[in-house]
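To start, the structure under review is shown below, and the notes come after it.
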Amino acid sequence: MICFVTPGAPAQVPPSVTRRIDGMCTDIGRIHFATLALLPPAPQAPHGADASLMLEIVVDEDLLLPDLVDLMLEGAFAALWQLYKPNWQGPEGVDPGTRKTWLRAFLIRYACVADGGFVGARDRSVAQVQAENSLFRAARSHVQSLPPAERPRDARALGEHMARWARESGFAWVADPAPRSRWRKGPDFGLIDLLALSTRLVVPLLAALGFLYALGWAMLLSAGTLHALGVNLPRELSGAVMLASITILLALLPLLGALLTGGGIVALGTLFFVYSAVAVWIMVAGTYNAVGAASLLWPSCSVNQGLLGLSGVLAFAASAAFLALAPVLIKVRAPPFFPMAAVGALMLVALGLGWVFSRLMFGAMEAHVPCKPQSWTLLKDAAPLVRLAWDGAALASVLGVCSFILIFATRWAPALLRQADKLGRPGPLPPLPAHQVHPSIQACEARLTDRTSHMISLTEIRRPYFLYRNVLRFWLWFFSVLGHYVFTEGVLGRAHGIKFGHWHIVDRGRRLLFCSNFDSAFGGYLDEFIQGATEGVNLIWRNSELLPRPAAREGQPSVETERHFPPTCLGLYRGCKAEQVFKAYTRASMLPHLHRFEAYCLSNQDIERATGLREALRGTRTALKDDQIARALES
């Protein structure tokens, strides 16, 4: 998703130019949508400053910017020259090759690759969408044209008939699986896919390492705290369980904080990246110290600390499993004796694993002493009564922590989430003027009534620019990662219908440009965001504002009144929940388009249905595939 935002704009864009641009997009065959629009001068621009010309291009995900520019110049150089020749400062009468070289460099210079974006119909090229739509239409027409006597009587017969029809009607390509991301659901996941996927697991692996390091740090902190209170731990399973219990309670604090400060995937994702940063810091610092001191002490200390946290938690888990199996053993009746023996064997295995993990934990603790002097000591030969007391304390701690986790998950966490919902209710708002939709915006929306809807929003980034611009870049990057790895089935949060939405930080980092191609009308589109992606909307647009600015051209909207995004609570709550104020803010920021190209006019549901039919027609016939074919053709 690319926007070419160039200074200056032609006085008019004649129909001959737009027709050539449409032909260029069609001939390239890899452009989903293209839009021409004018961007008004910035509020701080001198009086009489020219508007900018924006060319939005939504392309297949694997098409790179230089290749796109080359294809554009090859297909419609004359039309593009008409758009951008006001910026040419060379002599008249130069040869076309020189002008083409300049125009290529000019377009690449002013190309803005999306700072963040979301793709609804992910992993689908223009050719794939069009071919699958042709398959779906031809299949439905074929079924509807069959005489009643020849129509298959059940789903199985229909599936066999349609698979044979596809092979004989020029759709033999359905035998090949539809291209899809490794992060999307689908068949044919092989070794090559696994290797490609593993390269994208670096950040999750770093987060796991950082979390283990934090657990080890909490273990050492707990041991030091107990020693300061005059308590020396026995070098037994009971001591390991006590330390692990305290550590688990400490580990729950960030989760509790996440629920209190907005919860959801935003706060948890922040913890995810914090742990990743911890792991990166450990690796960098460990490498620096190891090279500087010519010693492997620091790396070994980091490994010991991570092993310490992992072993302690596993010892606690094994002890909890042992206690959880005890009621099962009591309830099992004999004869037969096999269930009782099996449960007893599992209890012994759990107890043995707990002992092994406790040995590993204490070994890692003792190996960590040279890294940093520790005040705690371990009792190796405790008296029987002391051991018994520690066993009782360990038993109580396991029961207590497990009960706390159970109550936390079933009672407190839902209550905190309900409280978070209350925080999302709009608070008192300052009086704001109503906004009347500009006629040019209404005319654009009217032309797109039976086509893919589109919006262009241009806002100013709040000052100080350096602060809010970088905060905005982080959240745009964060939500792009979520869209690529988590929200891979066409739904962002709980918002449906988004085809391509992308954000660009333009004008030297002072303005936020948002372009979206979506299903349904504008009001319903915003409602889905308000109800299904509140946190994302607030975290992005709270960094923007609307300042008075002139119109890009006569007949286009200007901003007469300064407007601000509705106030948020903790950066996550409220905000867009003030529905009318948010919609007025969004409407005031919108700009009309001059021209619009669409490679296809299909909803996300249409695209998914056609892909589903293709998948159902390929491979071995099953009852599930036959049912999918019947459902698709009846829709």
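The values are calculated or read from the model by the stated rules, or taken from the named source; none is laboratory data. Every value quoted in this text rests on a predicted model; they were computed, and no experiment measured them. FYI the Cβ positions are ideal-geometry reconstructions off the backbone, even for glycines, and counts take in every protein chain you see. Accessible surface is based on the protein model in full, side chains and every heavy atom, while ligands, DNA and RNA are left aside. Shrake-Rupley method; radii C 1.70, N 1.55, O 1.52, S 1.80 Å.
I need the calculated FRET efficiency for the pair HIS47 and HIS595, taking r as the beta carbon distance and R₀ as 30 Å, to the nearest 0.05. Provide the component values of the computation, followed by the final result.
Details: r = 29 Å, r/R0 = 0.95.
Step by step, r from the Cβ atoms, then E = 0.55.
So how much slack lies between ALA521 and ARG359, counting 0.36 nm per residue of separation and subtracting their Cα-Cα distance, in nm?
Numbers: separation 162, 0.36 × 162 = 58.32 nm, distance 6.35 nm.
Going from the current span to full extension adds 52.0 nm.
At 1.4 Å probe size, with every protein chain present, just tell me what the per residue accessible area of segment 15-139 comes to in Å². All intermediate terms of the calculation are to be shown ahead of the outcome.
On the way: 5370 Å² over 125 residues.
I get 43 Å² per residue for segment 15-139.
From largest accessible area down, sort HIS438, HIS496; use a 1.4 Å probe on the protein chains. Intermediate results must be reported in sequence, preceding the final value.
Working: HIS438 55, HIS496 100 Å².
From most accessible down to least: HIS496, HIS438.
Among the chymotrypsin sites (Phe, Trp or Tyr not before Pro) within segment 61-168, which fall in a DSSP loop and have no more than 16 other Cβ atoms within 10 Å of their own Cβ?
Details: sites: PHE77, TRP81, TYR84, TRP88, TRP102, PHE106, TYR110, PHE118, PHE136, TRP165; in loops: TRP88, TYR110.
Those satisfying the criteria are TRP88.
Can you pull out the GluC sites (Glu not before Pro) in segment 563-621 whose DSSP state is coil and whose Cβ has at most 11 other Cβ atoms within 10 Å? Spell out each step's value before the answer.
Values: sites: GLU579, GLU598, GLU608, GLU615; in loops: none.
Within segment 563-621, no GluC sites (Glu not before Pro) qualify (loop, at most 11 other Cβ atoms within 10 Å).
Report the gain in length on full extension from LEU388 to SER403: 0.36 nm times residue separation, minus Cα-Cα distance, nm rounded to one decimal.
On the way: separation 15, 0.36 × 15 = 5.40 nm, distance 2.25 nm.
That works out to 3.1 nm of additional length.
Per the Kirkwood treatment, what hydrodynamic radius in Å, one decimal, follows for segment 99-170 from the mean inverse distance over all distinct Cα pairs?
Details: mean 1/r = 0.0602 Å⁻¹.
Answer for segment 99-170: a Kirkwood hydrodynamic radius of 16.6 Å.
Taking 7 Å along the Cα-to-C-beta vector as the label spot, tell me the LEU395-THR622 distance in nanometres, rounded to one decimal.
The answer from the label model is 4.9 nm.
Check the straight Cα-Cα distances from LYS100 and name the aspartates and glutamates below 15 Å, setting aside those fewer than 8 residues away within the same chain.
Result set, ordered by chain and number: ASP67, ASP70, GLU74, GLU92.
Which percent of Cα pairs goes in each bin when the distances of segment 69-113 are cut into 5 angstrom slices starting at zero?
Per 5 Å bin, starting at 0, the Cα pair percentages come out as 5, 21, 38, 24, 10, 1, 1.
Enter the accessible area per residue of segment 478-584 (Å², integer; probe 1.4 Å; all protein chains in place).
About 36 Å² of surface per residue is accessible.
Check SER52: other-chain or 5+ apart residues with amide H under 5 Å from its amide H, H built from backbone geometry?
Those lying under 5 Å, H to H, from SER52 are LEU39.
State the percentage of accessible surface on segment 4-51 attributable to carbon and sulfur atoms; use a 1.4 Å probe and exclude ligands, DNA and RNA. Before the final figure, lay out the partial values.
Values: 1080 of 2040 Å².
Ligands and nucleic acids excluded, carbon and sulfur reach 53 percent.
Roughly how many nanometres apart are two label points built 7 Å out from the Cα toward the Cβ at HIS564 and PHE273?
The two pseudo-label positions are separated by 2.6 nm.
How far apart, in nm, are two points set 7 Å out from the Cα along the Cα-to-Cβ line at ALA324 and at GLN436?
The two pseudo-label positions are separated by 6.6 nm.
Mind listing which GluC sites (Glu not before Pro) in segment 33-89 are in a DSSP loop and have 15 or fewer other Cβ atoms within 10 Å?
Details: sites: GLU56, GLU61, GLU74; in loops: GLU61.
Passing both the DSSP loop test and the Cβ count: GLU61.
Test of understanding: what is the full-extension gain from LYS85 to ARG140, defined as 0.36 nm times their sequence separation minus their Cα-Cα distance? Present the calculation step by step, with values, prior to reporting the outcome.
Values: separation 55, 0.36 × 55 = 19.80 nm, distance 4.85 nm.
Full extension from LYS85 to ARG140 adds 15.0 nm.
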